[in-house]
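The structure under discussion appears below in the form of structure tokens.
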Amino acid sequence: MSTPSTLGSPRTEARSGTDHAGAPSGEKRTAGPLWVLRINPLERARLSDDALRTLLARLADAEHDVRDAAARCSDELYAAIGAAPDEDSRRRLVALRRAIHNDRTAKATGVPPTPAVARWAGACEKRAALRGEVAEAYASAADRERGTLARLLGDEDLTRSLALVSPEVYQESLRYRSAITEGRPLSARARKSERGLVQYVTRAMVRTSPLARFTAVGIAVPDPAGTSPEDPPYTPGTPFTGLDRVMLAYVLGGLEPPVGAAVLDAWVGLSPTSALEPDGSRLFFLKPTDTGFQRLAAPVKGTVRALVDATVMGPRPVRSVIDDLTARTGASAQDAAKAVVGAVRQGMLCTYGEAEDGAADLD
């Protein structure tokens with residue numbers, strides 16, 4: 001439920017009078033430790049089926065018993081091989097020992113079974129029976145596990161997080177849940193997506209990540225009489241609404257985009273939805289089309305490099321970008337203006353109503 005991180009060492013001091021920092025008289029100060037608590041409210045549940053897990057545990061024990069019996073057989077058969085009365089008996093003992101060592105069914109060799117060989121044969125029979133039980137129970141257990149996965153995918157916070165972080169996975173989760181709840185057989189596509197859905201769900205359960213939509217982070221002072229980190233109380237929170245000025249400027253700049261010669265009097269900059277590769281070799285951006293947006297990429301070199309460098313720090317007047325482009329590339333002002341207008345048309349740059357106010361109050 002929570003992941004505490006301890007900072008500092010415990011030391012609580014009661015000060016009398018007022019110290020040099022002006023602390024009130026008698027104030028208790030905690031120098032440490034402080035716990036940074038990250039609480040993930042998403043339900044945690046085992047995806048594995050209980051009955052199948054029990055069978056697999058028994059099968060694992062049976063496999064261990066077979067290997068242990070095989071090791072004992074090797075010791076007994078080595079001694080028997082050395083004491084064999086003739087070559088034919090020795091050859092049969094060697095074949096038996098090799099079959100047991102390689103975990104194969106021993107053929108009839110006419111060799112009287114030793115106690116270790118008898119134990120090995122019994123362990124093999126028990127293992128074979130358990131393997132059959134696992135194979136028989138697997139299909140129904142897998143259906144129950146898929147039901148558990150579908151239930152977890154229906155968590156409201158998780159579905160909203162998936163819709164925000166990965167819309168494609170969100171749509172696939174809806175199709176998956178629909179097939180499971182309606183009892184329809186899973187398509188090949190749905191079975192292929194299962195592994196990714198399991199990864200998203202388990203990551204959201206065991207980590208505080210974007211998939212844990214209401215992850216709570218806070219600082220706490222440990223106290224033996226305090227609340228356990230595994231049993232935190234949930235109290236109503238106070239929401240604080242803020243304004244994303246960058247996205248607001250992006251939206252307002254696209255409501256009435258300038259056209260024609262009016263573009264020269266506008267401001268342009270990189271779109272908030274664009275992204276540079278970590279090595280800066282390519283720029284990804286969204287090109288508006290009649291049916292929506294198309295994701296494109298352009299190598300960052302030549303004119304594109306000059307445009308990125310001119311606008312990477314925020315929106316600038318178009319005329320200023322044209323002058324910068326002319327100075328960097330040696331192109332004429334007319335060609336530089338065509339390059340800027342073309343970048344806006346392609347979606348590499350977008351228009352803004354005004355410059356960003358870096359001195360604006362964030363509250």
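Dividing the Cα convex hull volume of region 50-206 by residue count, how many Å³ per residue is that? Mind dumping the intermediate values first?
Values: hull volume 23.4 nm³, N = 157.
Convex hull of Cα atoms, per residue: 149 Å³.
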* Computed over region 245-336: relative contact order in percent, which uses C-alpha pairs under 8 Å that are six or more apart -> 25
* Structure fact -> Sorted by chain and number, the residues with a modelled amide H under 5 Å from that of Ala84, at a separation of 5 or more or across chains, are none
* **Residues with amide H under 5 Å from that of Arg282, placed H, sequence gap 5 or more** => Glu277, Val300
* Structure fact -> When the charge dipole of region 253-322 is computed with +1 at the Cβ of Lys and Arg and -1 at the Cβ of Asp and Glu, the Cα pointing farthest to the positive end, of Ile322, Leu286, Pro299, is that of Pro299
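What does the highest-first list of 283-291, 190-198 look like by mean Cβ count within 10 Å? Each step should come with its number before you reach the end.
Details: 283-291: 13.2, 190-198: 14.9.
Ranked from most to least packed, the peptides come out as 190-198, 283-291.
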* Asked: Along region 86-102, what does the Karplus equation 6.51 cos²θ - 1.76 cosθ + 1.60 (θ = phi - 60°) give for ³J(HN,Hα), rounded to whole Hz, x for Gly and Pro?
  -> 8, 5, 5, 5, 5, 5, 5, 5, 5, 5, 5, 5, 5, 4, 5, 4, 8
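So what's the net charge close to Ser193: Lys and Arg +1, Asp and Glu -1, counting the other residues with Cβ under 13 Å from its Cβ?
Values: positive: Arg146, Arg175, Arg177, Arg189, Arg191, Lys192, Arg195; negative: Glu168, Glu172, Glu194.
Taking every Cβ under 13 Å from that of Ser193, the sum is +4.
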* **Amide H within-cut-off set for Ser271, under 5 Å, with H built and near neighbours excluded** => Cys350
* Asked: How large is ³J(HN,Hα) for each residue in region 140-145, as worked out from phi by the Karplus curve 6.51 cos²θ - 1.76 cosθ + 1.60 (θ = phi - 60°), to whole Hz, x for Gly and Pro?
  -> 5, 5, 5, 5, 5, 5
* In vacuo Debye scattering of region 245-352, one point per C-alpha: log10 I(q)/I(0) at q = 0.19, 0.24 Å⁻¹? -> -0.96, -1.49
* **Residue-wise HN-Hα coupling along region 172-186, computed from phi with Karplus coefficients 6.51, -1.76, 1.60 (Hz; x: Gly, Pro)** => 5, 5, 5, 5, 5, 4, 4, 5, 5, 5, 8, x, 7, x, 6
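Any read-out appearing in this document is the output of simple, stated calculations on the displayed coordinates, not a laboratory observation. Since we're looking at a predicted model, the values are computed, not measured. Here Cβ is always computed from backbone atoms with ideal geometry, including for glycine, and neighbour counts include all displayed protein chains.
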